[in-house]
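Since the structure comes first, as structure tokens, the remarks are kept for the end.
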Amino acid sequence: MNKTFVFIVNKILRCLLLLFGVSLLAFTLLKLSPVDPVLASVNYDPNLTVEQYERIAEYYGLNKPEPVQYLSWLRNFLSGDMGMSLLHREPVADVIRQKAWASAALMGFSWVVSGLLGFLLGSVAAFRRGRLWDGIIKWLSYLQVTVPTFWIGLIFLLFFSVYLGWFPIGISVPIGRLVSDTSLIERFHHLVLPALTLSLLGIANVTLHTREKMIDVLNSEYVLFAKARGESDFQIFINHGIRNAVVPAITIHFTYFGELFGGSVLAEEVFSYPGLGATLTEAGLKGDTPLLLGITVIAAIFVFLGNTIADILNGLLNPALRSYPS
């Protein structure tokens, strides 16, 4: 049987199993929480009568047994219907579509910045191995791994927004202005600080991985021959280092998709950035099951795609790991 076909079928089955497990776990955890979705949907209105409560529960199907609720959602989801959001009073697909662009801009910008900075820092550390710059870069990388995203966001917020006043305190557009009336430059100005906060998450992994790979390149025979010919460090980096170290760095960076989405949830909360992360938190705190499950499934697909791309790149780099033809 064709190896490519087996690879594709295997990935599809794994993705479906992942989506089923993630959605079931998210649904179970939400139902075990003390949040009452009916009361939360009306902002805990004290004037809500028992009759009104029962009508709302019946309208959203919340009066049915929990297994029936999940199977009903799963059946509708497989048919292309993600349900109706209890909080936004509109289809979940529309809510996700509205918030997805903000999160895509945030995570995309952060992913690119963290990858570029991580590769450059790792390369500098490798070329200055055992020296001051190597020690500083390694120390900063270890520090980045241990410091929580929300703490970095608060520090950036206090220093760059409150103290220096260089960036807005939060949200994606100026207060009191519609998105349609906001220029691209203004949106980018609001994006910079949360994106920089989120990008710090991925720098350390790329930096340390690139450092090790670049050291292997520098110890290779062809680089030793290039040094004997009189090539400078910059020429070795351009002619040999980038070509041999950039693809492994990209590969490891694709596996960072899971941390990227998780970090975006915290970054969006700190900066009140209206993306999928903040919406996911709101859905969880207020018991909006359809919206929570919809975003959770989208996040799982996002992470799965990142890992799949990393697997493909690994297979191209290392034939021993290849389960499909190049």
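Since every read-out is calculated from the coordinates, none of them should be taken as a lab result. All figures in this text were calculated on a predicted structure; none of them were measured in a lab. Note: ideal-geometry Cβ built from the backbone for every residue, glycine included; neighbour counts use all protein chains shown.
Please work out the FRET efficiency for the pair Leu32 and Arg129, using the Cβ-Cβ distance as r and a Förster radius of 41 Å; give the result to the nearest 0.05. Rounded to the nearest 0.05, the efficiency is 0.20.
Whole-Hz Karplus values for region 81-95 come out as 10, 8, x, 10, 6, 5, 7, 8, 6, 8, x, 4, 4, 5, 5 Hz, taken residue by residue from phi with 6.51 cos²θ - 1.76 cosθ + 1.60 and θ = phi - 60°; glycine and proline positions read x.
Simple spin-label estimate for Glu259 and Leu120 gives 2.0 nm between the two label positions (7 Å along the Cα-to-Cβ direction from each Cα). Please compute the Kirkwood hydrodynamic radius over region 99-321, one decimal place, Å, based on all pairs of different Cα atoms. Computed over Cα pairs of region 99-321, the Kirkwood hydrodynamic radius comes out at 19.2 Å. Partners of Lys64 within straight-line reach, counting lysines whose Cα lies under 27 Å from its Cα and excluding those fewer than 8 residues away in the same chain: Lys31, Lys286.
Rounded to the nearest 0.05, the FRET efficiency derived from the C-beta distance between Ser220 and Asn2 at R0 = 45 Å is 0.80. When only Cα pairs below 8 angstrom with a gap of at least 6 residues are kept, the chain shows a relative contact order of 28 percent. If the reach is capped at under 19 angstrom between alpha carbons, list the lysines near Lys213, excluding any in the same chain fewer than eight residues apart. Here the lysines satisfying the reach criterion relative to Lys213 are Lys138, Lys227.
Centre-to-centre separation between the Cα atoms of region 30-92 and those of region 266-301: 17 Å.
Extending 7 Å from Cα along the Cβ direction at Arg14 and again at Phe188 yields two label points whose distance is 3.8 nm. Taking packing as the residue-averaged number of other Cβ atoms within 10 angstrom, the listed peptides 51-58, 289-296 run from highest to lowest as 289-296, 51-58. In the chain, the DSSP-assigned H stretches of four residues or longer account for a calculated mean residue ellipticity at 222 nm of -23500 deg cm²/dmol, using -39500 (n - 2.57) per stretch and the full residue count as denominator.
Electrostatic bookkeeping for Trp133 treats Lys and Arg as +1 and Asp and Glu as -1; over the other residues with beta carbon under 15 Å from its beta carbon, the sum is +3. The length gained on full extension between Lys227 and Leu39, counted as 0.36 nm times the residue separation minus their Cα-Cα distance, comes to 60.5 nm.
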